[in-house]
1. Counting only residues that are in contact with an Asp or Glu (Cβ under 9 Å, 6 or more places away or on another chain) and of a type in the set (S, T, N, Q), which one in region 163-205 is nearest to V44 (Cα to Cα)?
2. Hey, among A233, A249, A256, A264, which residue is out of contact with any strand residue (DSSP E or B) (no Cβ under 8 Å at 6 or more places or on another chain) and at pLDDT 95 or above?
3. So which of G98, G93, G76, G89 ends up being out of contact with any Lys or Arg (no Cβ under 7 Å at 6 or more places or on another chain) and within 17 Å of M309 (Cα to Cα)?
4. Please tell me if V164 is under 15 Å from I323 (Cβ atoms), at pLDDT 95 or above and out of contact with any Cys (no Cβ under 9 Å at 6 or more places or on another chain).
5. I'd like the full set of residues that are out of contact with any helix residue (DSSP H, G or I) (no Cβ under 9 Å at 6 or more places or on another chain) and either hydroxyl-bearing (S, T, Y) or in a strand (DSSP E or B) (or both), limited to region 100-128.
6. Check off (1) under 20 Å from A43 (Cα atoms); (2) touching a strand residue (DSSP E or B) at 6+ places or on another chain (Cβ under 9 Å) for G155 and give me the number that stays unchecked.
7. Kindly indicate the residue of region 320-355 that is among the hydrophobic types (A, V, I, L, M, F, W, C) and part of a helix (DSSP H, G or I) and also surrounded by the most Cβ atoms within 10 Å (Cβ to Cβ) among those meeting that condition.
8. Would you confirm whether or not region 24-45 contains a residue that is assigned to a helix (DSSP H, G or I) and either modelled with pLDDT of 95 or more or farther than 20 Å from D159 by Cα (or both)?
Amino acid sequence: MPALADIPATMEALVVLEPSKLEIRQVPVPTPGKNEVLARVRAVSICGTDAHLIHGDYPGFWPTAFPFIPGHEWAGEIAALGPGADLYGWRIGDRVAGTSHDACGVCQKCVEGQYNLCENYGKPGLHKQYGHNHQGADATYVVQGVKTIFRLPDGLTFDDGALVDPASIALHVANRGGVRPGDTVAITGAGTIGMLAGDASFIRGAGRVIVVGRGYRLGKAASMGFETVDSSAVDAVATVRAMTGGLGADVALECAGVPEMINAALGMLRRGGRCAAVGIPTEGVTIGMQRLVLDELELVGSRASAGEMRRVMPHVEQGRMRIRELVTHHFSLTNYAQALATFNDRSSGAIKIIINP
């Protein structure tokens, strides 16, 4: 296995022992297998899914068992190559950004390019989702398959690279929403994905983007030039409809994952409108089917990304996808507990937090 000479035997890692109980521990450095690389993690960001996973909100699914190392939005440099990885052009020292879905590559969905919907999801030896059902990147080193790493352009830092994955997710939800030139797009949820979905909508040609949310994150959306609606102060549905001459938005992108906002997103649509939902609610949602049928509304899911990692990088590098404006805090891996508490504290001003192992 070709490798850098200074790879230690053990590394620092965030280990979630059980729901809401985490420790920084020394664990063995993993060894890359066939068509895998070992990467030195230089930056990893905290995702809302991480917070839910650590809290145990997806029992038996994400993760399948504890203890567990989370983390899936990361960037770093290749430190070692597993057998066959060099055949794909990878070399030690290459700067890369990672994504989470390491799909089988042979099922119908994978062959058709929808590897995020791999029909062998979670089957040992066929599929891994790093940081979800397989060990992740909240550590000094991470092993990932060659299908899940992407070359980081010279114009992007490692911190930038850690946000390429959420940027790709934002582009995917705008793609799933079918945003067309001139469309009015309403976005529910003023978090990282919501604001990046606003940028993605403009990249696809939207004429207007209205972000619905509250608090300091909505203020950030306003400072970035989006039209905004404060859902804590007004009736968001009525306000968006009034802003669109009573007709409603052409497209709604649901990025909050809160049941009431899913219905609000549908309520903001004009007849024949389309809602793409990327937020994952942790409880059931009741949908008004009568209007969905009579107004021919469309509601589609949007899971992770499927090919957008490569396509979003030029937009990030050229400033059209404004990831740097969303980074508010940096922490060392040793201080992950403090970082997570800051992320979960709505009074902290946190939007995107970068961990530098």
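The values are calculated or read from the model by the stated rules, or taken from the named source; none is laboratory data. Remember, it's a predicted structure, so these values are computed and weren't measured experimentally. Cβ sites come from the backbone with ideal geometry, for glycine too, and all protein chains shown count toward neighbours.
1. S168
2. None of the others qualify; the one that does is A233.
3. The match here is G98.
4. The answer is yes for V164.
5. Y121
6. Every condition holds for G155 apart from (2).
7. Looking at the filtered set, the residue picked out is I323.
8. Checked against the condition, which is being assigned to a helix (DSSP H, G or I) and either modelled with pLDDT of 95 or more or farther than 20 Å from D159 by Cα (or both), region 24-45 yields no hits at all.
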